[in-house]
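No lab work stands behind these numbers, since they all come straight from the coordinates. Small disclaimer: the values here were computed from a predicted structure and weren't measured. With ideal geometry, Cβ positions are generated from the backbone for all residues, glycine too; neighbour counts draw on all protein chains shown.
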Amino acid sequence: MPPLCAPDENLSCFGCCPPIRPRHYDPLDFVGSLRRELMDNRESFGKAPLQAKPIIGYHCWALGFLDSSNGRAGCLLHPSRHGGKDLRGLVDYGGKCRRESCGAARVFDRLPVEGQAFWLPLVRGLNPFYFSSRRANPLFHILPWGACLLERLRHDAVGRGWSVTELLYWRPFLVHPDWWPKAHRYLFHLALEQPGAFGGTSEAVEGLAREILEGIGRLEAIQDLGSPAPSGKLIWTHQASEPPAFLDFLRLALEIERVDPARLPPARKAMEGLSREIAARRAPGEGRLRPWKVV
Ligand code: SF4
Ligand code: SF4
């Protein structure tokens, strides 16, 4: 399957062009002027011999519509348009353009072909401005949940005969702004691992996740993570060798920036134990893990 940047013949993203841009830059805010710019760039591209020219501000002369219908937009210097020859060195950030990748695209690459095909219907019909927008393209919010969690949810959905839109209807936490996918995916792993959780409503799973989150803050093993013992050294949390989802949770959800690496395995065990305890306390009679209402 091609990358998220251009997953099929109708969809294209230019969300990381140019590679130096403000953090909250969104092409959807500039559709009017960008459309004109992309048309002009396509029109003038190749009319004169190609030569090195810098990107000016947020405007790259090589960003244009890729066909005459203006249905797709992207890099006119990309190797896919020049028989494999990469011409991006003609702009001053060429090296950065080659390396640029977003978290959503990296997760998309890790999904199996069936997983990629499952999620793509959510964005069918988006023009390149919407598809490139972090606000408008739902995949930029969903993919950071990570390949592992998304695959578990997809397998469950396929088993129930759900389409991707039905899955979102039944698991709205995937797109709910209360949850930060990169920070909270480990929390939902913990919740969904509990017996009955996969058969529970989204409300039940979210309730369990919230309760686990509250409990984790009180765990001694978590409070001790930033104390330099027993190994006597602290490292940046993201540099530890535990699973990335767990480290992202510590760093982003609990704001623990530095840890004693020797304390991480017992902290993880304590979190798993706490999750099991909380799930076991929740009686099905409370309605928290009640089965799906089939409609
Ligand atoms: S923002 Fe992501 S999907 Fe879009 S072009 Fe960049 S790497 Fe590709
Ligand atoms: S050279 Fe290509 S990849 Fe780089 S900013 Fe311009 S359009 Fe984007």
Practice problem: Sort out for me the Cα centre separation of region 38-76 from region 153-170, rounded to whole Å. | Solution: 40 Å
Quiz prompt | Cα-based Lys proximity count in the chain, under 28 Å, for pairs eight or more positions apart or on separate chains | solution = 9
Practice problem: For the chain, find the longest principal axis of its Cα atoms and tell me its angle to the long axis of helix 264-281, 0 to 90°, nearest 10. | Solution: 70 degrees
Exercise. Round to the nearest 10 and give me the degree value, 0 to 90, for the angle of helix 181-192's Cα axis relative to the longest principal axis of the chain.
Key: 40 degrees
Quiz prompt | Relative contact order computed over region 27-131 (Cα-Cα under 8 Å; 6+ residues apart), in percent | solution = 24 percent
Exercise. With everything on Cα atoms, drop me the angle between helix 202-217 and the longest principal axis of the chain, reported from 0 to 90° to the nearest 10.
Key: 70 degrees
Practice problem: Using packing as a proxy for protection, rank 38-44, 187-193 so that the peptide with the highest average count of other Cβ atoms within 10 Å comes first. | Solution: 187-193, 38-44
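Averaging sequence separations of C-alpha pairs under 8 Å and six or more residues apart, then dividing by the length of the chain, give the relative contact order as a whole percent. Write down the numbers at each step before the final one.
On the way: 382 pairs, mean separation 44.0, N = 295.
Taking the mean separation of contacting Cα pairs over the length of the chain, I get 15 percent.
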Self-check item: Neighbourhood net charge (12 Å Cβ-Cβ; Lys/Arg +1, Asp/Glu -1) for Phe173
Solution: 0
Practice problem: Please build a GNM for the chain, connecting alpha carbons under 10 Å apart, and tell me which residue among Thr237, Thr165, Thr201 fluctuates the most. | Solution: Thr165
Quiz prompt | Charge sum, other residues only, whose C-beta stays under 12 Å from Ala73's C-beta, Lys/Arg counted +1 and Asp/Glu -1 | solution = +1
Quiz item: Taking K and R as +1 and D and E as -1, what net charge do the other residues with C-beta under 13 Å from the C-beta of Asp260 add up to?
Solution: 0
